[in-house]
Amino acid sequence: MDDSQARLEINKYKKFKKVDGATYRKVNQFLRKRTYITAREWALARLCTDFRTSGGAEMTFIGNHLPELVPFMEETYSPQAVNQARNSFKKKVRKASATFFYGAMCGFFTTDELDDLLFEASEVARFLLEVEGTTLDIDEEIDIEDRITKVMRSVGEAAKTILRSRSDEEEAPGNPALKKHVGSPSPPDNDVSHAGERDDGSETDIGNR
C-alpha cells in the first residue's frame, strides 16, 4: 500500500470515534469490567478484521498508522507486535468459549440460565460494536443470535440427558462401583481445598516446593 492510498484509508476510517479523547487506561478499565480482552487486543482485532486482504491483514500498515486509526493508541507497532495482539485476542476468545461451553455442558446452569447468559453476553457484544462504530445488518444480527440460541439450547438439553443417564447408572443395583463402596471405611481426610494458603489467608506457590 503506497503513501497516497494509505492516507486515503486513514482519512475514511471512522471507527472508535466515540472514545476519542479517552486514554488507553480508561478504555482498558472499561473493557476489563465487561470482557477478558485489553484495549490493545480490542483495537488490533478490529483493525485486522477491517483491513483484511486475500493475503492476510495489513500488519505493516496497521502498525505504522495505529495512533491515527485508533484515538487511544499512542504508539506505533511493529508487524510482529500487531500479530502478537491478534493472536492473544484469538486465544482469549477460545479459552472463554471453552469455559462457557463447559459451564453449559456440565449441567451447572439450567436452560433458562443459559438463555440469560446469552442475552447478557449479546448485550455486551452489541454495546462494544456500537462504541467502536461497527454496525450489523438487522437480519444478520437476528440470524446470528438465533443460531447461537439454538445451539446452546441443544447443548443444555444434551447435558441434562447425559447427567441423568450417569446418575441412573451409578445408582443401579448391579453397579460394581456401588458394591465396592458399600460398607468400605471412610477415606482419610485429605482435603486440599486450602492447599497453597497460609494461615493469614495469603497464597503460596505450591509448584515451587
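Sort the following peptides by mean Cβ neighbour count (other Cβ atoms within 10 Å, averaged over residues), highest first: 79-90, 139-150. If you can, show how the numbers build up before the last one.
Working: 79-90: 17.1, 139-150: 11.7.
By packing density, highest mean first, the sequence is 79-90, 139-150.
Remark on ALA57: its backbone amide H falls under 5 Å from none of the residues 5 or more positions apart or on other chains, H modelled at 1.01 Å from N. Placing a label point 7 Å from the Cα of ASP3 along the Cα-to-Cβ line, the residues of segment 60-90 whose backbone N sits under 20 Å from it are 60-69, 76-77. For segment 3-164, the convex hull spanned by the alpha carbon atoms encloses 132 Å³ per residue. Here the Karplus curve 6.51 cos²θ - 1.76 cosθ + 1.60, taken at θ = phi - 60°, turns the phi angles of segment 10-17 into couplings of 5, 5, 8, 7, 10, 7, 6, 5 Hz, with x standing for Gly and Pro. For the cross-link pairs LYS15/LYS92; LYS33/LYS150; LYS26/LYS150; LYS12/LYS150; LYS18/LYS95; LYS33/LYS90, the ones whose C-alpha atoms lie over 26 Å apart are LYS33/LYS150; LYS26/LYS150; LYS12/LYS150; LYS18/LYS95.
Read-outs: derived from the displayed coordinates by stated rules, not from any lab. All values derive from a computational prediction rather than experimental measurement. Using ideal geometry, Cβ is built from the backbone for each residue, glycine included, and neighbour counts are taken over all protein chains shown.
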